[in-house]
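J.: The structure that follows is given in the form of structure tokens.
The values are calculated or read from the model by the stated rules, or taken from the named source; none is laboratory data. Bear in mind that the values here come from a model prediction, so they are computed numbers and not experimental data. Quick reminder, even Gly has a Cβ in these numbers, built from the backbone with ideal geometry, and neighbours come from all protein chains shown. Areas reflect the complete protein model, heavy atoms only, side chains present, ligands, DNA and RNA absent. Shrake-Rupley method; radii C 1.70, N 1.55, O 1.52, S 1.80 Å.
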Amino acid sequence: MNNHISRHWRAYTLSILLVVLAIVIIPYISAGVSVRNVVQRTFSPVIPTNDMVVVKVTGIIAQEWAIDLDQALSRENTKGVILWIESPGGSTTEAKLLSHYINALRYKYHKPIHIFSEYLLASGAYWVATYADSIFAAPTASVGSIGVYAVRGDRTAADSIAGIKLFFFSMGEYKLWGAPNLPPSERELQSIADGVFWAYIEFVTTVTYNRYDQFKAITDKACGCNADTTTVVTYVRSLAEGNLYGAPNAFTAGLIDGVLYFDQLCTKLREQGFTVRRPDGTVIDLLY
């Protein structure tokens, strides 16, 4: 009986001590600077954004550009990409490869890809740009240079002056074609010329096909009729003499879809509800 009372008394006493601890001691300790504050962890919901990511690439066109583009498109919040290109072009091989990958990425992610240029969008770089959903350029930009060329060096005269004499051993008629220390044969020169011709045909065909609607609208207006395909191709061929166009003239010719500075492009995108970002996620305000 006494043990039972004793247990109740100890429990009662412990309750009193806990109350005193809660009222007096804990607030006193909490006031000390050496006591770590307990912060309740809270989770804020992730707010989805409508991102337009700007990927800037420069120099000779390369397949590696597609890697940067892929990474930007793969972000969950990315709704589209501005591929900012400053390039004089490059080889037809790189142009075709990069164009293929850009087209593949468009179908992989089902997100629009737009092109912007501030200085130069030329030759192979323009070839690539025609695969995008739209092309924009600053008033300062030069656009176009639709054409193809090849160079075959001949160092035989220089070798002769320097007293250099080389002996070549080969099997196969075409194995030494392109060797700069040998003069080109007529067949070799004709083969190079044929390659340039067909690459040019492919370039013009690509530009015509990818921007057919823009060119047809211009030819329809020019003739006041429903222009046929031959008329449209003839028009594009007239643009494809290797010349560069200032952005305003490129727009008039149908080579691009708009002329505006980068900050103006960003403003228009924001008006459409997009958040303009760099690939690292930082928001673009005025300048890249």
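J.: Per-residue counts of other Cβ atoms within 10 Å, averaged by peptide: what ranking do you get for 147-155, 113-121, highest first?
T.: Values: 147-155: 13.0, 113-121: 23.1.
Ranking, from highest mean packing down: 113-121, 147-155.
J.: So, one more: Note down the accessible area of residue 177, probe 1.4 Å, to the nearest 10 Å².
T.: Accessible area, nearest 10 Å²: 80 Å².
J.: If you don't mind, there's one more thing I want to ask. Residue 211: net charge of surrounding residues, Cβ under 12 Å, Lys/Arg +1, Asp/Glu -1, itself excluded? Walk me through the numbers on the way to the answer.
T.: Numbers: positive: 216; negative: 133, 213, 257.
Neighbour charge sum, excluding residue 211 itself: -2.
J.: Further question on the same structure: Using the C-alpha gyration tensor of the stretch 92-158, what are the square roots of 5 times its eigenvalues, in whole angstrom, with the largest one first?
T.: Numbers: eigenvalues 178, 62, 10 Å².
Over the Cα atoms of the stretch 92-158, the ellipsoid semi-axes are 30, 18, 7 Å.
J.: Then there's this: Quickly rank 215-222, 204-211 as a protection proxy: mean count of other C-beta atoms within 10 Å, highest first. All intermediate terms of the calculation are to be shown ahead of the outcome.
T.: Numbers: 215-222: 15.6, 204-211: 17.6.
In descending order of packing, they fall as 204-211, 215-222.
J.: Would you give the gap between the C-alpha center of the stretch 88-128 and the C-alpha center of the stretch 219-238, rounded to a whole Å?
T.: 25 Å
J.: Grab the other residues whose beta carbon is less than 14 angstrom from that of residue 127, score K and R as +1, D and E as -1, and report the net. Mind showing how you got there, number by number?
T.: Details: positive: 96, 211; negative: 94, 202.
Counting the neighbours of residue 127, the net charge comes to 0.
J.: Same structure again: Tell me, what % of the accessible area of the stretch 60-138 is carbon and sulfur with a 1.4 angstrom probe?
T.: Carbon with sulfur: 53 percent of the solvent-accessible area.
J.: Which order do the peptides 89-96, 229-236, 250-257 take when ranked by the mean count of other beta-carbon atoms within 10 Å per residue, highest first?
T.: Ranking, from highest mean packing down: 250-257, 89-96, 229-236.
J.: Ranked from the most accessible area to the least, with a 1.4 Å probe and all protein chains present, what is the order of 106, 187, 277? All intermediate terms of the calculation are to be shown ahead of the outcome.
T.: Details: 106 65, 187 135, 277 40 Å².
Listed by decreasing accessible area, they come as 187, 106, 277.
J.: Which aspartates and glutamates have a Cα less than 14 Å from the Cα of residue 79, not counting those fewer than 8 places away in the same chain?
T.: List returned: 51, 70, 133.
J.: Going through the cross-link list 56/96; 111/221; 111/268; 56/108, which pairs have a Cα-Cα distance over 26 Å in this structure? Don't skip to the end; give the middle numbers.
T.: Numbers: 56/96 20 Å; 111/221 32 Å; 111/268 18 Å; 56/108 21 Å.
Table pairs above 26 Å Cα-Cα are 111/221.
J.: While we're here: Limiting things to C-alpha atoms, what are the Rg and the maximum Cα-Cα separation (Dmax) for the stretch 158-274, in angstroms?
T.: Cα radius of gyration and Dmax of the stretch 158-274 are 23.6, 70 Å respectively.
J.: OK, next. Place a +1 charge on the Cβ of each Lys and Arg in the stretch 107-195 and a -1 charge on the Cβ of each Asp and Glu, then give the dipole magnitude about the Cα centre in debye, rounded to the nearest 20.
T.: 240 debye
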